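Reviewing the structure listed below.
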Amino acid sequence: DEETRVARLTRLGYLADLLADVVQAHPKDFVIERATEMIQKSGIEQPLETLVDHMAKRLVDLAEELDIRVGAQPSLGEVMVEAQNAMLQLAQQQEEQTSALEAQLRAKEEETRVLEESNRRLMHMASKDTLTELDNRRMFNRALQSALEDAVKQFSPASILIVDVDHFKRVNDTYGHPAGDAVLRALARRMEGALRTVDKVARLGGEEFGVLLPNSTPAGGRMVAERIRMAIEASPVPTDEGPVPCTVSIGGTTFDPDRVPRTRDELIKQADQALYLAKNTGRNKVCWYGQKS
């Protein structure tokens with residue numbers, strides 16, 4: 001009937017378009033697949049290769065009749081080779097793009113690693129004293145503020161110490177600055193060895209150190225201060241210029257949450273006053289804020 005005839009003509013027209021695409025379109029693998037499927041659905045007995053070769057021959061014949069120069073037309077085998085070459089080229093391009101993307105990713109990862117390492121170094125430089133590897137004044141002040149806030153919440157005391165190396169200028173003048181640096185590094189290690197794990201020691205600058213003693217009473221703070229003083233006095237510090245005997249003066253104070261609250265700066269000022277008392281009354285000793293002599 002007419003409807004069947006129209007449907008068949010439509011399929012044939014579509015197939016003709018597909019066969020033309022087999023020769024002309026890119027990429028060809030999908031077109032070849034669709035043309036083969038359409039031939040089977042249309043009930044055509046000839047294989048795709050026969051149809052393409054026949055179409056190519058007819059195109060050349062028709063062109064000659066019309067006096068049109070079209071040149072030789074490819075066979076299906078040549079079309080398949082072209083399709084395979086195109087797929088190989090596409091695969092190669094994709095591989096090159098993947099390699100380029102992977103290289104970019106590795107470069108970004110390396111940039112990220114370098115940036116993270118740089119940030120770590122900057123954080124270290126911002127928080128540590130480069131000579132002794134102790135926390136610096138900035139970190140000591142932050143730790144002290146946090147300890148005072150915890151002391152208020154927990155209703156517990158906290159003590160701080162200011163430790164100053166006696167006659168340190170004389171050490172530099174006598175033995176040289178490299179020996180003075182060696183002394184500061186050694187004293188830092190001795191102080192760390194005299195503290196509990198919860199305690200903190202920092203270099204405040206020059207030959208001055210700060211010690212934070214959380215949950216420490218005046219009696220407990222004095223005990224730690226004496227332990228530090230004796231650990232430093234016990235033996236000279238070995239240096240390239242020979243052994244250097246050292247002593248320290250220590251001033252301390254205690255934050256008591258049961259009394260009028262004091263600020264961080266006020267506590268440091270009180271510990272400094274106690275330190276001045278220790279230095280002015282003979283050095284190599286511990287004085288506590290409020291002590292008369």
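The values are calculated or read from the model by the stated rules, or taken from the named source; none is laboratory data. As the structure is a computational prediction, the values presented were derived from the model and not from experiment. Glycine also receives a Cβ, built like all others from the backbone with ideal geometry; neighbour counts cover every protein chain displayed. Ligands, DNA and RNA are excluded from the accessible area calculation, which covers all protein heavy atoms including side chains. Shrake-Rupley method; radii C 1.70, N 1.55, O 1.52, S 1.80 Å.
For ASP166, the amide hydrogen comes within under 5 Å of the amide hydrogens of THR247, VAL248, SER249, counting only partners 5 or more places away or on other chains and with H modelled in the peptide plane. Take the Kirkwood radius over Cα pairs of region 239-282, plug it into Stokes-Einstein at 20 °C and 1.002 mPa s, and you get 169 µm²/s for translational diffusion. Taking HIS167, HIS177 and ordering them by how much accessible surface each has at a 1.4 Å probe, largest first, produces HIS177, HIS167.
Note on ARG196 and LYS153: the model spin-label points, each 7 Å out from Cα along the C-beta direction, lie 1.8 nm apart.
Could you compute how fast region 132-274 diffuses translationally, taking Rh as the Kirkwood radius over C-alpha pairs and applying Stokes-Einstein at 10 °C with viscosity 1.306 mPa s? Give it in µm² per second. Stokes-Einstein gives a translational diffusion coefficient of 103 µm²/s. As an exercise, use a Förster radius of 22 Å and the Cβ-Cβ distance of ASP258 and GLU226 to find the FRET efficiency, rounded to the nearest 0.05. It comes out at approximately 0.30.
Of the peptides 238-248, 186-196, the ranking by mean beta-carbon count within 10 Å, highest at the top, reads 186-196, 238-248.
Exceeding 23 Å between C-alpha atoms, which entries from my cross-link table qualify? They are LYS169/LYS279; LYS200/LYS269; LYS153/LYS279; LYS128/LYS200.
Result: LYS153/LYS279 exceed 23 Å.
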